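Novice: Pasting in a structure now, in structure tokens, and then I'll have a few things to ask.
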Amino acid sequence: MIGYLYPLRTYLIVAGSTDKPNPMTADWVVPLSFNPPLLGVAIGKKRYTRKLIQEQKDFVVAVPTMELLKDVWVAGTVSGARVNKAERMGVTFIPSKKVRAPSIKECQANIECTVAKEVETGDHIFFVGEIVNVSHGDAFQDEKPEIRDFKFIMHAFSGPNFVWQGDEIVRP
Ligand SMILES: Cc1cc2nc3c(=O)[nH]c(=O)nc-3n(C[C@H](O)[C@H](O)[C@H](O)COP(=O)(O)O)c2cc1C
């Protein structure tokens, strides 16, 4: 039934440390509040990322573009419980400013969050993250995405099926 909510944008949730990072692909990311700045991420109870975030109480939401799609697929199909995913990916993990979880150099934004609340929602844990720092690349100017020059990833439907947003602005 959740399929009716698609297409949804796709992100990378990073937990662990710069030395031992664990990135995980996530569609279920939602803005929650301007002030304080809050976002939410629903993470399956079986995910290694769920365990790491519950332990370290912070995470990063990294914003990938289409150039990183192969890495996004690895992060979304392999579990860090068994494999060091970072070694299978071509991205660079760099220290974040305010949280232990690292940022990803090649991503166009890295939104650093501390866990403000955890809610059990069926088979997922919904983490409410307070945004404590953001760093970004050229794809954002004054918090606005440059949609003509950058292809933000959208998950069209279940499986390896992705699209990027169109660049036509339509006004009502
Ligand atoms: C495009 C895509 C989106 C996904 N979105 C989510 C999500 O929002 N929440 C979630 O718990 N898992 C999601 N997954 C599944 C996890 O990314 C996947 O199970 C991953 O291997 C978990 O890694 P971990 O065990 O290292 O945490 C998604 C996978 C893909 C490919």
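The values are calculated or read from the model by the stated rules, or taken from the named source; none is laboratory data. Since this is a predicted model, take the numbers as computed values, not measurements. Quick reminder, even Gly has a Cβ in these numbers, built from the backbone with ideal geometry, and neighbours come from all protein chains shown.
Novice: Taking only region 13-69 into account, find how many residues are more than 16 Å from A81 (Cα to Cα), of a type in the set (D, E, K, R) and near the ligand (Cβ under 7 Å from one of its atoms).
Specialist: Total satisfying the criteria: 1.
Novice: Evaluate region 78-99: report whether one residue or more is away from the ligand (no atom under 13 Å from the Cβ), within 24 Å of E146 (Cβ to Cβ), hydroxyl-bearing (S, T, Y) and in contact with a Ser or Thr (Cβ under 7 Å, 6 or more places away or on another chain).
Specialist: Yes, that holds for at least one residue.
Novice: Would you check which residues across region 61-94 are over 18 Å from T18 (Cβ atoms) and among the aromatic types (F, W, Y) and list them?
Specialist: Matches in region 61-94: W73 only.
Novice: Just one of (1) at pLDDT below 95; (2) closer than 15 Å to Y11 by Cα trips up V91, so point out which.
Specialist: V91 satisfies every listed condition except (1).
Novice: Look at E130 and say whether it is at pLDDT 95 or above and under 13 Å from V41 (Cα atoms).
Specialist: yes
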